[in-house]
Amino acid sequence: SMLEIGPGYGGVMQYIKRKHGLDNYYCIDVNPLFEYERMFQTDGETIPEEIPDELDIVYSSNVFQHLSDRQRRSYIRQASQKLAIGGLFVFNLFVLNEQNRDQRIGDKKLFGNLDEKGNAYTCFFNQFTRIPQEDEIEDELNECGLKLLKKQTLSSNSAAFWATKV
């Protein structure tokens with residue numbers, strides 16, 4: 001069974017449908033423009049009660065960088081609660097780390113100017129969000145009972161995380 005947070009245009013859902021059918025696929029999104037089988041609308045930080053417990057996989061791609069720290073932490077905590085022991089939580093997002101902190105594209109920093117505390121920010125759809133430190137994400141996973149299995153740099157500004165419920 002699988003929950004996808006933010007299915008967007010439904011690419012992953014279509015793949016799952018072709019390979020396995022949608023009997024055990026669920027998705028949540030804040031955007032009412034997208035309507036899919038087994039989709040539930042969310043408020044941007046809550047996994048609805050209709051989503052079953054004991055999920056095998058919770059997956060999200062390019063969603064968490066749109067969220068506030070509070071929203072991201074809420075989804076990580078709830079994903080952990082919804083997963084079965086040994087279940088996987090796979091997601092990616094923009095992260096700030098030692099390699100990209102001062103990286104430049106031409107004469108501009110990749111993440112613009114850092115604030116006095118060293119935080120970087122990005123703006124999506126008129127929402128200004130802080131880019132978390134890579135190790136913050138690892139700490140958030142640990143605090144929620146998730147063990148990091150793998151971390152992979154995807155680009156100069158993003159990383160993917162694979163964690164399991166222990």
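What follows draws every value from the coordinates through simple rules; no lab data is involved. This one's a predicted model, so the numbers in the text were calculated from it and none came from an experiment. Methodologically, a virtual Cβ is constructed for each residue, glycine included, from the backbone with ideal geometry; neighbour enumeration extends over all protein chains shown.
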> Counting only DSSP beta bridges with both residues in the chain, what percent are antiparallel, rounded to the nearest 5?
Replying inline: 55 percent
>> Can you find, among Pro32, Leu83, Asn62, the residue sitting farthest towards the positive end of the charge dipole of segment 1-88, where Lys and Arg contribute +1 and Asp and Glu -1 at Cβ?
In response: Asn62
> FRET efficiency for Lys150 and Tyr15, Cβ-Cβ distance as r, R0 = 25 Å, nearest 0.05?
Replying inline: 0.75
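Please list, by residue number, every one of the GluC sites (Glu not before Pro) in segment 35-66 that is coil in DSSP and has at most 13 other beta-carbon atoms within 10 Å.
Working: sites: Glu35, Glu37, Glu45, Glu49, Glu50, Glu54; in loops: Glu35, Glu37, Glu45, Glu49, Glu50, Glu54.
Counting only loop positions with at most 13 other Cβ atoms within 10 Å, the GluC sites (Glu not before Pro) in segment 35-66 are Glu35, Glu37, Glu49, Glu50, Glu54.
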>> Can you give the FRET efficiency to the nearest 0.05 for Asp53 and Arg101, using r as the Cβ-Cβ distance and R₀ = 30 Å?
In response: 0.15
> Looking only at segment 65-105, which residues have a backbone nitrogen under 16 Å from a spot 7 Å from the Cα of Leu114 in the C-beta direction?
Replying inline: 95-105
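Please find the FRET efficiency linking Val30 to Thr122, where r is the Cβ-Cβ separation and R0 is fixed at 22 Å, and quote it to the nearest 0.05. Spell out each step's value before the answer.
Numbers: r = 18 Å, r/R0 = 0.81.
Step by step, r from the Cβ atoms, then E = 0.80.
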>> Quick check on the chain: helices-only [θ] at 222 nm, where DSSP H runs of length 4 and up contribute -39,500 (n - 2.57) each and the sum goes over total residues. Nearest 500, please.
In response: -6500 deg cm²/dmol
